[in-house]
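See below for the structure under consideration.
Taken together, the values in this text are just the output of simple stated rules run on the coordinates, not laboratory data. This structure is a prediction, so every number in the text was calculated from the model and none was measured. Counting neighbours? That spans all protein chains shown, and the Cβs are built from the backbone with ideal geometry, glycine included.
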Amino acid sequence: MLSAFDNAMTLVERTAKHLDLSSKYPKHKIVERLRIPNKIIMFSSPLQKDNGEIEVYSSFRVQHSDVLGPYKGGTRFNKNVDLDEVKALALWMTLKTALVNIPFGGAKGGIAVDPHKLSVTELERLVRKYTSKLVSDIGPSVDIPAPDMGTGAREMAWIYDEYRKHREVAKGVVTGKPVEIGGSLGRLSATGKGVVYCMLEAVREMGLENYTVAIQGFGNVGSQAALDLWERGISIVAVGDVTGNIYNADGFNIEELVAYCKKKGGVKGFPDSVPLKSIIACDCDVLLPCAMENVIRGRNARHVKAKLIVEGANGPTTPRADSLLEERGVKVVPDILANAGGVIVSYYEWVQNREGFYWTEEDVEERLFNLLRQTYSRVSEYSAKNKISLRSSAYALALGKIAKAMAARGVQ
């Protein structure tokens with residue numbers, strides 16, 4: 001089993017050598033301070049199910065670094081959640097917020113549970129139990145959770161409501177809430193649209209025309225990206241999720257596919273499609289991996305036909321696969337840039353909560369697009385100047401900022 005955290009740290013260590021951090025900051029132990037999170041919170045969440053039986057779920061919150069501001073990161077509900085994964089996701093969030101210049105650190109939380117196997121009442125009890133055990137560790141100026149895989153606005157509303165029972169009425173304690181209780185317009189689609197914005201910048205840079213797109217993962221990120229692409233008239237020829245992979249050389253009607261998935265629970269069997277063995281190796285120009293970590297590995301990277309990969313998921317490409325793709329000339333827009341739209345608009349939601357003044361969806365999307373465009377431009381320019389990949393460039397810019405902040409703040 002590949003360790004997501006070890007993969008992430010491999011990239012950090014490579015970047016530290018590129019930046020010569022050990023010489024620039026000889027006494028600050030930058031890499032060591034990123035390898036060990038500030039705080040790891042692990043506990044059990046016993047849940048009494050509707051039939052009276054008790055189930056116990058492993059629960060986590062990793063507060064990786066707050067050198068740039070309060071901890072910030074999603075809450076993942078998935079049966080395979082473990083400490084290694086949560087640590088990796090928290091590290092990536094530290095790098096992501098640094099890269100896009102928002103005043104947050106990195107964190108992540110999760111419960112090892114399949115939320116689809118719980119009733120709504122069971123799920124609510126579990127979320128409230130999880131929150132009640134974290135009330136001393138989260139807060140609008142301390143650690144601000146958000147949605148991730150297996151959670152959404154409903155679960156964030158329960159976190160907000162449970163927190164206010166124990167502490168204060170603070171809408172900024174969590175982001176990704178329903179609009180009715182302080183959520184931001186544009187938050188639901190932010191990550192997916194952010195992936196598209198970054199993809200468009202890369203496509204323009206590469207001079208691609210009449211290109212086709214494949215999307216691996218059709219949850220919130222993948223489906224929102226697909227809708228945005230479809231509305232722009234861009235052909236999506238392959239889509240995959242946990243139920244299977246489908247292909248149509250003429251492109252899918254994404255509105256119909258989204259409606260089908262809501263009814264059937266997945267893309268498998270969608271009319272006018274043929275089954276596809278692998279999305280990663282399918283015939284397309286642009287590949288958007290929007291599901292899990294480590295899906296592009298050494299053994300399948302050689303079979304990638306896409307000219308461009310834009311990482312909607314966190315850590316979908318292993319370091320070995322990344323090297324192989326670079327050798328083959330495949331351009332990769334890295335996760336800490338490509339999927340930063342979610343945390344950017346979470347930041348906007350947090351700002352609106354603190355101000356008590358709310359923006360239009362047009363304002364949110366304009367700010368999001370401008371920030372991502374500026375960030376992509378910085379990453380691309382650094383990449384060209386130093387003759388390194390976009391991933392190496394993004395990591396260098398993020399790690400350079402973190403190192404400066406660590407040195408400025410000291411350790412006393």
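By how many nm would the segment from Ser141 to Ile40 lengthen if fully extended, with 0.36 nm per residue of separation less the alpha-carbon distance?
34.5 nm
Over the stretch 37-181, what is the relative contact order in whole percent, taking alpha-carbon pairs under 8 Å and six or more residues apart?
That works out to 24 percent.
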Prolate/oblate/rounded label for the stretch 334-412 (Cα gyration tensor, a/c 1.5): oblate
Burial order of peptide ranges 342-349, 129-136 (average beta-carbon count within 10 Å, highest first): 342-349, 129-136
Entries in Lys17/Lys404; Lys171/Lys401; Lys117/Lys262; Lys79/Lys193 that, when Cα-Cα distance is taken, lie over 20 Å: Lys171/Lys401; Lys79/Lys193
Asn245 long-range amide H proximity, modeled H, under 5 Å: Leu276
Convex hull per residue volume in Å³, alpha carbons only, for the stretch 1-110: 111 Å³
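Which of the GluC sites (Glu not before Pro) found in the stretch 191-270 are loop residues per DSSP with 13 or fewer other Cβ atoms within 10 Å of their Cβ? It would help to have the intermediate numbers written out before the result.
Details: sites: Glu201, Glu205, Glu209, Glu231, Glu255, Glu256; in loops: Glu209.
Here the sparse-neighbourhood loop sites are Glu209.
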Segment Arg373-Leu208, extension gain: residue separation times 0.36 nm, minus the distance between their alpha carbons: 57.6 nm
Euclidean distance of C-alpha centroids, the stretch 246-269 and the stretch 305-328, integer Å: 25 Å
Highest-first arrangement of 393-400, 37-44, where packing means the average Cβ count within 10 Å: 393-400, 37-44
For the stretch 379-398 versus the stretch 180-201, the gap between their alpha-carbon centres in whole angstrom: 24 Å
Candidates Arg299, Arg187, Arg373: whichever shows maximal mean-square fluctuation once the chain is modelled as a Gaussian network with Cα springs under 10 Å: Arg299
Neighbour-count ranking [beta-carbon atoms within 10 angstrom, fewest first] of Cys282, Cys290: Cys282, Cys290
Compactness of the stretch 277-412 - radius of gyration and Dmax, Cα, Å: 17.4, 55
Inter-probe distance in nm under a simple model that places probes 7 Å from Cα toward Cβ, at Lys385 and Thr360: 3.7 nm
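Quick one, what does Rg over Rh come out to for the stretch 37-181 if you take C-alpha atoms and the Kirkwood Rh?
On the way: Rg = 14.4 Å, Rh = 15.0 Å.
Rounded to two decimals, Rg over Rh is 0.96.
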Packing-based exposure ordering (other Cβ within 10 Å, fewest first) of Phe270, Phe218: Phe270, Phe218
